[in-house]
Amino acid sequence: MATFDFLLQGLLVAAQPMNLLYALIGVTLGTAVGVLPGIGPALTVALLLPVTYRLDPGGSLIMFAGIYYGGMYGGSTTSILLNTPGESASIVTALEGNKMARAGRGGPALATAAIGSFVAGLIATLGLAFIAPYIVKLALVFGPREYFALMVLAFVTVSSAFGDSTLRGLTSLFVGLALAVVGIDQLTGQARLSFGVPELLDGIEVTTLAVAMFAIGETLFIAAQGDKGPDKVEAVRGSVWMSAADWARSWKAWLRGTVIGFPIGAMPAGGAEIGTFLSYATEKRLTKHPEEFGNGAIEGVAGPEAANNASAAGTLVPLLTLGLPTTATAAIMLAGFQQYGLQPGPLLFATNPQLVWGLIASLLIANFMLLVLNLPLIGLWVKLLTIPKPWLYAGILLFATLGTIGANPSVYELGMLLAFGLLGYAMRVFGYPIAPVVVGLILGPLAEQQLRRALSISQGDITVLFTSPIAAVLLVIAAAALIVPLILRARGRGEVLAQLAASED
Amino acid sequence: MTKGHHPSTPTRRPDRAALFIAAVLAAIAGLIFWDVSRLTGTAGYSQVGPTTVPYAIAWCLLGLSIWTVFEALRGDFPERERQEVAPVIWIVAGLAAQMLLLNVAGFSIATGILFALTARGFGKRRLWLSLPVGIVLCFVVWVVFAKLLQLSLPAGPLERLFF
C-alpha cells in the first residue's frame, strides 16, 4: 500500500542523525517549556518558533513536531503535580491526577499519563498517516466555494460553538478577521487599513499576535490578580512504576481515550478539551471502582490523557491535508509553515511528499523519545515547577520579546507586542476567548481569497456558494453549530458548553 | 479595547465597561468603513473586489456592537474579579522601557530592565539585585541566540565590550 511506502520513506528522512537531533531538542525544549505553570501548548509553540528560524524547513518542522508533542506532555505533568493546569485540555487530568499525587500515588499517575500519551500518540499518528491520503484525494475535488464553506465551519466551531457566550466568541473572531484585513490585498495589491504606515503594509504577524495575547496578556492577568500565596507542588513519593493492577485498569482506558479523542481532533471542531471530557465521563460510567472517582482513580487520568494526545494528533489531519487550523496551536504551526513559504494542503502532499511524510514520521519518533525521556527525568521537570512566580514570568517575558526581536528587531514590532498584550489582558478580564482572534487572523486572508475566487467565477452571484452539495452541507452544519448553542444557552443549559470552552493559554 | 481597570458594577445596572466595549467595536467598524471607502471601486465586472470582505466584516462588527449594548443593558456580562493596577503598570513600564532602549542600550540592558520590572510587578522589590541578575541572564541569552543560533539581536555597549 502506498501509504506504507510513504511512511517508510518518511521514517528514513526522520532517522537521519541531524533530524533525530532536531527531534530530541524539540521534545526536550517542548517538555521543559510546556511543564512551566501557565504555559500551554499554544504558547510553547509560539515561544519556541524563533529557535527554528535558522534551520532548513525540514529540520525546523521536525523540531516543531517534537515541540508540539513535548508541550502536550509537559502540560499533563503540571496538572498532576500542581493543581493549576497549564492548558485547559489538562483540566480533567488534574481532577483525578492531582488527587492521586496528594495520596502519594503521583508516580503511577505520571506513568499512566506518559504511557497513555505514548499509546494514543502512536495510534493516532498512524491514523493520521492512513487517513491523510484519502482526505487529500477528497480535497482535490474541492473548489473555492467548498474551501470557503469549510473555513466558515472552522470559524464557527472555534469561536462560538463552545465557551460561555456566542457573543464574546464571535466578537473575538471578528476582531481577528478585522486585523487580518490590514496590509496589502493579495489579489489587487491595494493597501487596506494601513493608514499610510509602511510597517502595516506587510500585515500583522501571527506569531507577534499569538505571543502578545498568550504570553503578555496572561502575564499581565496573573500579575493583576495580586499575590495569592505560592502554589503547592506535590512531591513525587514512592515508585514511578505502575503495579499490575494499575496496568490492568489503564490499558482499556488508553484505548477508549484514543478512540474518542482522535475523531474529535480530526474534525474541524476545535480543541482537545471536548475529547478529554467525553473520555472522563465514559471512564466514570464504565469503571468497576466508582467510589474512587473524585479521590484519584487511575482510569480518570489514563483515559483523558490519551484522548488529549489523540486529538492533538487529530488536529494535524485538517491542518496538513486541508491547511485548516482548528486550534490556536495549529494556527501557530500554520504560521511556522508559512514562514518557509509552505502552504499545507493537498498540494503539499504532491509537491513535497518528503517533507510531509518526514514530519509525520518524526511525530512517531518524537512520541517514542518522550516516553524514554520523561519517566527518568521526572525529577528535573518537578524542579522546573518550583520556580518562583516573579522569576518565571520575568523569564517568560524575556523569551516572548526575544522571539519578536529575533524575527524583526524594530521598535515598531515591540510596540505591536505591547498593544496586543494589553488587548489580550483586557479580553481575559472580560471573559473573551483568545483562540478565535489568532485563528481569525491566519485563516481570514485564506477565506477571503477563496470567497473572492468563488464569486469571481460566478460573476458576483452569491447563490453559487450554496449550490454545491458539499458546500451546502458544510454551511448547514456551520449554521447548526452557531444556532444550537444559542438555543441551549437561552434555555439555561449553557454550563456544559462553558466547560467545554476551548481556551488554550 | 483598552485596559480593563473598571471596577465591576453591581448587576442589574447598565454595565458601563461593556457599553465601552460596544463603542470600541462600533469605532473599529467605522474605521473600516472610512478606510475602505477611499479604495477606488475596482470591483470589476464580478462586483467582488478588495472592499467586499472588509465591508462584510464591518457590518458584522456593527451588529456585534449592538448585541453587546443589549447584553450590557441586561447585565449579562460575567462578574469581573478585582484587578490590581500597580503590577500591570510595572510590567507595561518594563515593556515600554525595553522597546525604547533596545536600539540604544542593546538587547541585554534593555531586556534586563524588562526582567527586573516584571519581577517587581510580581513582588520582588529589590531592584538593585534583580536588575544585575536580569542583565547577566539576558547577556547569556544574547550570546546563545545571537552568536550560536545567529538570530539578529541588537548589540549595545555591553555586547560590544565582549564581542
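The values are calculated or read from the model by the stated rules, or taken from the named source; none is laboratory data. Everything numeric in this text was worked out from a predicted model, so none of it was measured. Please note: Cβ atoms are built from the backbone with ideal geometry, for glycine as well, and neighbour counts cover all protein chains shown.
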Can you find, within the stretch B:68-88, the residue that is farthest from B:SER130 (Cα to Cα) among those that are surrounded by fewer than 16 Cβ atoms within 10 Å (Cβ to Cβ) and under 21 Å from the mean Cα position of the chain (by Cα)? B:GLU81
What about A:LEU422, is it under 30 Å from B:THR68 (Cβ atoms) and within 9 Å of chain B (Cβ to nearest Cβ)? yes
Looking only at the stretch A:451-460, and only at residues there that are part of a helix (DSSP H, G or I) and within 8 Å of chain B (Cβ to nearest Cβ), the one that is modelled with the lowest pLDDT: A:SER456
Taking the stretch A:220-255 and the residues there that are among the charged types (D, E, K, R) and at pLDDT below 70, the one that is surrounded by the fewest Cβ atoms within 10 Å (Cβ to Cβ) would be A:LYS228
Within the stretch A:430-450, residues being modelled with pLDDT under 90, facing another protein chain (nearest Cβ under 7 Å) and crowded, with 22+ Cβ neighbours inside 10 Å number 0
Only residues that are assigned to a loop (DSSP other than H, G, I, E, B) and within 10 Å of chain A (Cβ to nearest Cβ): list them for the stretch B:144-162, please. B:LEU149, B:GLN150, B:LEU151, B:SER152, B:LEU153, B:PRO154
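Whether any residue in the stretch A:186-197 is in a helix (DSSP H, G or I) and touching a residue at least 24 places away in the same chain (Cβ under 8 Å) is what I want to check. Please lay out each step first, then the result.
Within the stretch A:186-197, the subset in a helix (DSSP H, G or I) is none.
Within the stretch A:186-197 (the criterion being in a helix (DSSP H, G or I) and touching a residue at least 24 places away in the same chain (Cβ under 8 Å)), the answer is no, since none of the residues qualifies.
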Which of the residues belonging to the stretch B:70-93 are aromatic (Phe, Trp, Tyr) and within 20 Å of B:ARG125 (Cα to Cα)? B:TRP90
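Looking only at residues that are touching a helix residue (DSSP H, G or I) at 6+ places or on another chain (Cβ under 6 Å) and at the interface with chain B (Cβ under 10 Å from one of its Cβ atoms) in the stretch A:192-207, which one is farthest from B:THR51 (Cα to Cα)?
Applying the first criterion (touching a helix residue (DSSP H, G or I) at 6+ places or on another chain (Cβ under 6 Å)) to the stretch A:192-207 yields A:192-194, A:199, A:204, A:206-207.
Still in the running and at the interface with chain B (Cβ under 10 Å from one of its Cβ atoms): A:192-194.
Numbers: A:ARG192: 9, A:LEU193: 11, A:SER194: 14 Å.
Among those residues, the one meeting the criterion is A:SER194.
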Inside the stretch B:58-90, can you point out the residues that are more than 7 Å from every other protein chain (Cβ to nearest Cβ), in a helix (DSSP H, G or I) and among the charged types (D, E, K, R)? B:ARG74
Please report, ordered by residue number, the helices (runs of 4 or more DSSP H) entirely within the stretch A:1-110 with at least 3 residues that are out of contact with any Ser or Thr (no Cβ under 6 Å at 6 or more places or on another chain) and within 14 Å of another protein chain (Cβ to nearest Cβ). A:17-35
Residue ranges of helices (runs of 4 or more DSSP H) in the stretch A:260-346 with at least 2 members closer than 22 Å to A:LEU475 by Cα and of a type in the set (Asp, Glu): none
Step by step: first the residues of the stretch A:388-398, then only those that are surrounded by fewer than 24 Cβ atoms within 10 Å (Cβ to Cβ) and within 8 Å of chain B (Cβ to nearest Cβ), then the one that is nearest to A:LEU82 (Cα to Cα). Which residue is that? A:LYS389
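Would it be correct to say that A:LEU173 is in contact with a helix residue (DSSP H, G or I) (Cβ under 9 Å, 6 or more places away or on another chain), outside any loop (DSSP other than H, G, I, E, B) and without any contact (Cβ under 8 Å) to a residue 12 or more places away in the chain? Give the derivation first.
Details: in contact with a helix residue (DSSP H, G or I) (Cβ under 9 Å, 6 or more places away or on another chain): yes; outside any loop (DSSP other than H, G, I, E, B): yes; without any contact (Cβ under 8 Å) to a residue 12 or more places away in the chain: no.
In short, no.
In contact (Cβ under 8 Å) with a residue 60 or more places away in the chain, assigned to a loop (DSSP other than H, G, I, E, B) and either among the aromatic types (Phe, Trp, Tyr) or more than 14 Å from every other protein chain (Cβ to nearest Cβ) (or both): does that describe A:PHE142? Before the answer, list the steps.
Values: in contact (Cβ under 8 Å) with a residue 60 or more places away in the chain: yes; assigned to a loop (DSSP other than H, G, I, E, B): yes; either among the aromatic types (Phe, Trp, Tyr) or more than 14 Å from every other protein chain (Cβ to nearest Cβ) (or both): yes.
When the stated conditions are applied, A:PHE142 passes them.
Kindly establish whether A:GLN354 is over 21 Å from A:VAL33 (Cα atoms), under 23 Å from the mean Cα position of the chain (by Cα) and surrounded by fewer than 21 Cβ atoms within 10 Å (Cβ to Cβ).
On the way: over 21 Å from A:VAL33 (Cα atoms): yes; under 23 Å from the mean Cα position of the chain (by Cα): no; surrounded by fewer than 21 Cβ atoms within 10 Å (Cβ to Cβ): yes.
The answer is no for A:GLN354.
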State all residues of the stretch A:171-188 that are more than 9 Å from chain B (Cβ to nearest Cβ), more than 22 Å from B:PHE77 (Cβ to Cβ) and of a type in the set (Gly, Ala, Ser); if no residue qualifies, say none. A:GLY183
When B:LEU101 is evaluated against the numbered criteria (1) crowded, with 19+ Cβ neighbours inside 10 Å; (2) at the interface with another protein chain (Cβ under 8 Å from one of its Cβ atoms), which criterion, by number, is the only one it fails? (2)
Kindly list, by first and then second residue, each pair from a residue in the stretch B:17-37 that is assigned to a helix (DSSP H, G or I) to a residue that is among the acidic types (Asp, Glu), limited to pairs with Cβ atoms under 8 Å and residues at least 6 apart or on different chains. B:ALA18/B:GLU71
Output the number of the condition that B:SER108 fails; it satisfies all remaining conditions of (1) of a type outside the set (A, V, I, L, M, F, W, C); (2) crowded, with 18+ Cβ neighbours inside 10 Å; (3) facing chain A (nearest Cβ under 10 Å). (3)
For the stretch A:466-481, give me each residue that is closer than 18 Å to A:PHE155 by Cβ and either under 30 Å from the mean Cα position of the chain (by Cα) or polar (S, T, N, Q) (or both). A:ILE470, A:ALA471, A:ALA472, A:VAL473, A:LEU474, A:LEU475, A:VAL476, A:ILE477, A:ALA478, A:ALA479, A:ALA480, A:ALA481
Give me the residue from the stretch B:124-143 that is within 10 Å of chain A (Cβ to nearest Cβ) and at pLDDT 85 or above and, out of that set, farthest from A:GLY226 (Cα to Cα). B:TRP142
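Anything in the stretch B:33-54 that is modelled with pLDDT under 75 and facing chain A (nearest Cβ under 7 Å)? List them, or say none.
So in the stretch B:33-54, the residues modelled with pLDDT under 75 come out as B:40-48.
Within the stretch B:33-54, B:THR42, B:TYR45, B:SER46, B:GLN47, B:VAL48 meet the criteria.
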Testing A:GLY97 on (1) at pLDDT 80 or above; (2) closer than 23 Å to A:THR44 by Cα; (3) touching an Asp or Glu at 6+ places or on another chain (Cβ under 7 Å), one condition comes back false. Which one is that? (3)
